[in-house]
1. When all alpha-carbon pairs of segment 37-119 are counted, what percent fall beyond 21 Å?
2. Going by amide H atoms built from the backbone, whose H comes under 5 Å of the H on residue 64, apart from near neighbours?
3. Rounded to whole Hz and in sequence order, give me ³J(HN,Hα) for segment 105-120 from the Karplus expression 6.51 cos²θ - 1.76 cosθ + 1.60, θ = phi - 60°, writing x for Gly and Pro.
4. Which net charge results for the neighbourhood of residue 60, defined as the other residues with beta-carbon distances under 12 angstrom from its beta-carbon, given Lys and Arg at +1 and Asp and Glu at -1?
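Just so it is clear, none of the values below were taken in a lab; they were calculated from the coordinates. Nothing here was measured: the structure is a model prediction, and the numbers come from that model. Neighbour counts run over all protein chains shown; Cβ positions are idealised from the backbone, glycine included.
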Amino acid sequence: EAAKWIILLTAYTFDYDRIVEALKGAARRGIRVVVLSDRQQSQSGMTRAMAGRLEDLASAGVVVQTTRGEYGGIQHSKTLRVDDLVLVGSTNWKGSSRSNQERDVLLELTPAGRDDWSRWTQGLYEASQVFSPKAAQVVTEAQEDRYVTARRFSIARARRAQSAGPTT
């Protein structure tokens, strides 16, 4: 709520609704809000609500881009820049992460730090593409099939173990 000109969030996984609402509120106040999330996780990751949350942000005027890592791998950073303050840490932006043991560091950027941070995020941005809800929907539907299949195998394995009796 204290942001004056920019909020930039990088995410590997993302679905925390309180953060979504805060980012949408900032965009409504005229703050430039950008979310750079991992391309693969945004479309087919294990965080089922991620695609919907990103779509919600995009429809509220937030710039939502999916990207890859700096060297072609995954975009695994978890950072939040608000003006000249940057939060860097291990916390994924998920509701379930609230119960984890995490550690984050809050930094205040100097002019040189601001330039360096901007160069780093520009590299992520240049490797990015606009988030596509349609692409995510197709993958998410296939993902639902995967969950159903996984549950079926888990149930079958449990029943097999029960019918085999105790092992010695």
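1. 40 percent
2. 35, 131
3. 10, 9, 10, 9, 7, 7, x, 5, x, 4, 5, 5, 4, 5, 5, 5
4. So the surrounding residues net to +1.
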